[in-house]
2 protein chains.
Amino acid sequence: MTDKTKRGQLSAQTRTIAAQTSASGSRPPSPDRRRFLTGTAAAGAAGLLGSGGALAGNPDNLPPNVPDWSRYLGVGVDANPYGMPVEFESHVVRRNVEWLTATTESSVNFTPIHEMDGFVTPNGLCFERHHGGMAVIAPEDYRLMINGLVDRPLIFTYQDLLRFPPESRFHFLECAANSGMEWRGAQLNGVQYTHGMIHCVYYTGVPLKTLLNEAGIKTSGKWILAEGADSSGMSRSIPLEKALDDCLVAYSQNGERLRAEQGYPVRLVVPGWEGNMWVKWLRRIEVGDKAWYHREETSKYTDLLPDGTARKFTWAMDAKSVITSPSPEKPVLGEGPQVIKGLAWSGHGKIKRVDVSTDGGINWQTAKLHAPVLSKSLTYFTLPWSWNGEEVLLQSRAIDETGYVQPEMAALQEARGVNSIYHNNSVQTWLVNANGAVDNVRLG
Amino acid sequence: MTDKTKRGQLSAQTRTIAAQTSASGSRPPSPDRRRFLTGTAAAGAAGLLGSGGALAGNPDNLPPNVPDWSRYLGVGVDANPYGMPVEFESHVVRRNVEWLTATTESSVNFTPIHEMDGFVTPNGLCFERHHGGMAVIAPEDYRLMINGLVDRPLIFTYQDLLRFPPESRFHFLECAANSGMEWRGAQLNGVQYTHGMIHCVYYTGVPLKTLLNEAGIKTSGKWILAEGADSSGMSRSIPLEKALDDCLVAYSQNGERLRAEQGYPVRLVVPGWEGNMWVKWLRRIEVGDKAWYHREETSKYTDLLPDGTARKFTWAMDAKSVITSPSPEKPVLGEGPQVIKGLAWSGHGKIKRVDVSTDGGINWQTAKLHAPVLSKSLTYFTLPWSWNGEEVLLQSRAIDETGYVQPEMAALQEARGVNSIYHNNSVQTWLVNANGAVDNVRLG
């Protein structure tokens, strides 16, 4: 993010705080902390209901003041055959970072995870990452070929795939480069940018195992190649064991057919593993006896170590978490009781526990995990909290069912050096300033 | 639906079948049922990949034919800050029935449940039912009052509500009149219209119990009134026991803030109970010592019995299910293996079992229930099936965890007569014709 962009964002935060203050109208923040919320007020006083424009015609400011939306018929039902968010939520959108990539066709935009309530990502907000732009493929033109070390090479139409027994599961998809810019310090002042290359939706499709069994895998088959139909020909090698375990040839997300930018009509779902392996616009599955060492698993998506060698085939996404509110985009709006909210996930199974610190990692409290806690899915966590108006360092750390604990950056760097931009799953720190604004900071 | 509309729909089905046939190109349906799918073909023959327009420049029709979407850069990532479905899915929309109500402000549109893969409804497809049109309320103008038999009458702003510990759950919302037109026979030839006044999303909000406890309920308090801020002043009485059990004051659906047509910024969630009680644009909660007998629980939303009395306070939605594919909108596209798909739900808890019959209720098979099977939520079921090209009568029946079995219409009518339009949870029958078209029929 450029300094200019960063400044713009911080001033936007200030505006948010100012707007909130004025939204409370003539009621000043109560200093009485025995009351649960500073914003509540006893009924019977002035300014009770609909204190906005509706009060203009009610100079006495006494109930019952009847706002316009209670007085006049609203919009009828046939206006929106496919509904969209209300105008007041127009700030909840995916965003990109212009300087990050050379062209928009090989770029990324980010999920506004600070706006998500819970573990499901709405389809319209799932981040995009393309290597050659978004392919647009009519379902009647779609074909999926299975070839290589199989008894019966096959080609499936889209309608063929719909005739197989389906399977549906919630899974997170995280880009290997999520939080990558943070490897060498606090670079981006917004959780949408530091952690927003992730989404979690309900995928429906045919188990890849079903289709491979239709083709019949020869005993020499040990790997598959998944190949995309987009202009980048995105291709990845996947061990046969994983292909036969929990992979889906998916045609649906959150109950409706895939969005074009998520690979319509068909993408691969590779639960828990890095996002570029979830090949979109899936065109071909080849069965082979060894890995292909394609471009996207050699020059890209490997981690350069200090000794000049590379960590290769870094498939699984290790346990990770982040506080989404407060965050740079969600400043603290006032002292007193409120809730710390965040997301945790692991490519190795379920999240077992999330700890939250408000003093930069010295003391930790256990957060509440919200049901459903599912394997290789986002998990929503919350922790009630009361802010005293002083500077605070917020952190979260995830522990998954294997016992793995989300590491500090120092531990990651000691093992991998400072060259990598992939697989940064370290603990994130937010500084809550005395004015409520929140900044991305690096400790130690 | 008028005859004209109905004819239009049937001819649309025919077109769908024709389109599917031509999409398979020169490959005729295989009569060989040992092969799992009639549409698969051995690779190596002509017409393998991208058989659409991409073949135009490849007269030899041999691989590798490289379609345009593999040859040219696609659309970049910044084009859609809030994503929409791809053009090929433009038929997947909510639909209304013009003659059903006098005006669109007091009307309904229907969820295309035949297009849903799984139990989650995308936000853009959740049916709408308004009594005075859709209110549009800016969050800074929103207030929620709690008054009546409480120790401390309170008013909450929107930001106040966001500071309470949230709770999130999947729940179905079904209109009491869903399937109501079918009470006296098979009226509407489409599952979107017969069963589409339902949706199931992940609601997030504050437990109503939390807010009532903030206000402090006097011992004389036994009921609450939930009042909407829309022009109809939608109001319902709810027993305090339910209010303190599982109701949510919700501000979010499927991870993003409520859609305007679902009550933005705040609606009541009353799990398992009829949809009109889930008051949208929630303005006020009053605690009282008896029910209010408001308009919407006396002249409406009661069932007129043959003896002239009314079934009142018919809150819970009994167990119900429907096959969504095949259905009038999802004709059978060919003989051989395929999957029967459907949805089941109960306002009394979890679905325990779904039975499916292909012979009009003589024999039954147990369908697969897809995880997650949640309380007061939709449950997706499937059953692999092979069609032999003959006429078939398809039915499903749900059994919930209380042991309740979804009834036949005859049993409902014997108990309640023929005047009612509410709470029709009877078994639905689809006739699969020899040409694959599907019709809504009534047995017996």
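A few comments on the model shown:
- Put simply, of A:Arg353, A:Arg284 the only residue that is part of a strand (DSSP E or B), touching a residue at least 40 places away in the same chain (Cβ under 8 Å) and within 30 Å of B:Val66 (Cβ to Cβ) is A:Arg284.
- Only one entry in A:Thr219, A:Thr210 is in contact with a Pro (Cβ under 9 Å, 6 or more places away or on another chain), among the polar types (S, T, N, Q), at pLDDT 95 or above and surrounded by fewer than 19 Cβ atoms within 10 Å (Cβ to Cβ), namely A:Thr210.
- Some residue of the stretch B:119-129 being of a type in the set (Val, Ile, Thr), surrounded by fewer than 24 Cβ atoms within 10 Å (Cβ to Cβ), part of a loop (DSSP other than H, G, I, E, B) and at the interface with chain A (Cβ under 9 Å from one of its Cβ atoms): no
- Identity of the residue in the stretch B:356-389, free of Cβ contacts under 8 Å to residues at least 24 places away in the same chain and in a loop (DSSP other than H, G, I, E, B), that ends up nearest to B:Glu401 (Cα to Cα): B:Val373
- Scanning the stretch B:133-152 for residues that are facing another protein chain (nearest Cβ under 7 Å), outside any helix (DSSP H, G or I) and not polar (S, T, N, Q) turns up B:Gly133, B:Met134, B:Ala135, B:Val136, B:Ile137, B:Ala138, B:Arg143, B:Met145, B:Arg152.
- Matching residues in the stretch B:393-444 - criterion: being within 14 Å of B:Thr194 (Cα to Cα) and among the hydroxyl-bearing types (Ser, Thr, Tyr): B:Tyr422, B:Ser426, B:Thr429
- Taking the stretch A:169-219 as the range and being polar (S, T, N, Q) and either closer than 30 Å to A:Ala437 by Cα or touching a Cys at 6+ places or on another chain (Cβ under 8 Å) (or both) as the test, the residues that pass are A:Asn178, A:Ser179, A:Gln187, A:Asn189, A:Gln192, A:Thr194.
- Apart from one condition, B:Trp69 fits all of (1) within 7 Å of another protein chain (Cβ to nearest Cβ); (2) not in a helix (DSSP H, G or I); the exception is (2).
- Residue check for B:Pro85: in contact with a Lys or Arg (Cβ under 9 Å, 6 or more places away or on another chain), assigned to a loop (DSSP other than H, G, I, E, B), outside the structural domain of B:Asn178 (by TED's automatic domain parsing) and at pLDDT 95 or above: yes
- Within the stretch A:153-185, the set of residues being farther than 19 Å from A:Ile323 by Cα, touching a strand residue (DSSP E or B) at 6+ places or on another chain (Cβ under 7 Å) and assigned to a loop (DSSP other than H, G, I, E, B) comprises A:Pro153, A:Arg163, A:Phe164, A:Pro165, A:Pro166.
- The residues in the stretch A:95-116 that are assigned to a loop (DSSP other than H, G, I, E, B), surrounded by 20 or more Cβ atoms within 10 Å (Cβ to Cβ) and touching a residue at least 60 places away in the same chain (Cβ under 8 Å) can be counted, and the count is 3.
- Residue check for A:Glu241: free of Cβ contacts under 8 Å to residues at least 12 places away in the same chain, part of a helix (DSSP H, G or I) and more than 14 Å from chain B (Cβ to nearest Cβ): yes
- Close pairs (6 angstrom Cβ cut-off, 6 or more residues apart or separate chains): away from chain B (no Cβ under 14 Å) and free of Cβ contacts under 8 Å to residues at least 24 places away in the same chain in the stretch A:311-340, surrounded by fewer than 20 Cβ atoms within 10 Å (Cβ to Cβ) and of a type outside the set (A, V, I, L, M) anywhere: A:Lys312/A:Thr302
- Boolean, B:Gln187 is more than 11 Å from every other protein chain (Cβ to nearest Cβ) and touching a Pro at 6+ places or on another chain (Cβ under 8 Å): no
- Hey, A:Thr104 among the β-branched types (Val, Ile, Thr) and more than 7 Å from chain B (Cβ to nearest Cβ) or not: no
- All conditions but one from (1) over 24 Å from A:Gly255 (Cβ atoms); (2) among the hydrophobic types (A, V, I, L, M, F, W, C); (3) within 14 Å of chain A (Cβ to nearest Cβ) apply to B:Leu343; the one that does not is (1).
The values are calculated or read from the model by the stated rules, or taken from the named source; none is laboratory data. None of these values were measured; they are calculated from a predicted model. FYI the Cβ positions are ideal-geometry reconstructions off the backbone, even for glycines, and counts take in every protein chain you see.
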